Amino acid sequence: KYTQAHLQYLKWMATIITCIVGHAVLFLGYEIDMAGGGIVAVTMVGFAVSHSWTKLGGEWLDTKKDLGLGLGAVWDLAAMPYLFAIAGSKVVLSKVFNRDMFPKALLVFVI
């Protein structure tokens, strides 16, 4: 049927296309001032594809597994560090570490 190299290429292309479509939907949500809607749409598309592939069974389950591994690699190597870097860049240490913070921090440790 198909060579192993061709199948590997298709798996990576499916991962890349999934990431591009996900980003496009997110940016569309921000563009029309419905950022939360874009996030929900990305989640629903992923759910629909996963459910469809599971229902078809057979060879599609292998594709689903491989796409999951590819997206997991993208998450581990790029998305997660980027997400936490953005969140960390928004923290203003002078507002976090002030005299009101220490009693609250001690209370958290006591509880």
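Quick notes
- Checking Thr18, Thr3, Thr54, Thr43 one by one, the residue that is out of contact with any Pro (no Cβ under 8 Å at 6 or more places or on another chain), among the β-branched types (Val, Ile, Thr), free of Cβ contacts under 8 Å to residues at least 12 places away in the same chain and open to solvent by less than 70 Å² (accessible area, probe 1.4 Å) is Thr54 and no other.
For every residue, the table says whether it meets (1) within 30 Å of His23 (Cβ to Cβ); (2) hydrophobic (A, V, I, L, M, F, W, C); (3) modelled with pLDDT of 75 or more; (4) assigned to a helix (DSSP H, G or I).
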position	(1), (2), (3), (4)
His51	yes, no, yes, yes
Lys55	yes, no, yes, yes
Asp66	yes, no, yes, yes
Leu71	yes, yes, yes, yes
Val74	yes, yes, yes, yes
Phe84	yes, yes, yes, yes
Ser94	no, no, yes, yes
Asn98	no, no, yes, no
Lys104	no, no, yes, yes
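- Within this structure, Met44 fails the test of being under 17 Å from the mean Cα position of the chain (by Cα), at pLDDT 80 or above and assigned to a helix (DSSP H, G or I).
- Qualifying residue in region 78-93 (condition: surrounded by 10 or more Cβ atoms within 10 Å (Cβ to Cβ) and of a type outside the set (A, V, I, L, M, F, W, C)): yes
The values are calculated or read from the model by the stated rules, or taken from the named source; none is laboratory data. Just so it is clear, the structure is predicted and the values come from calculations on it, not from any experiment. Because the Cβ atoms are built from the backbone with ideal geometry, glycine has one as well, and the counts that use them run over all protein chains shown. To get the accessible areas, we keep the full protein, side chains included, count just its heavy atoms, and leave off ligands, DNA and RNA. Shrake-Rupley method; radii C 1.70, N 1.55, O 1.52, S 1.80 Å.
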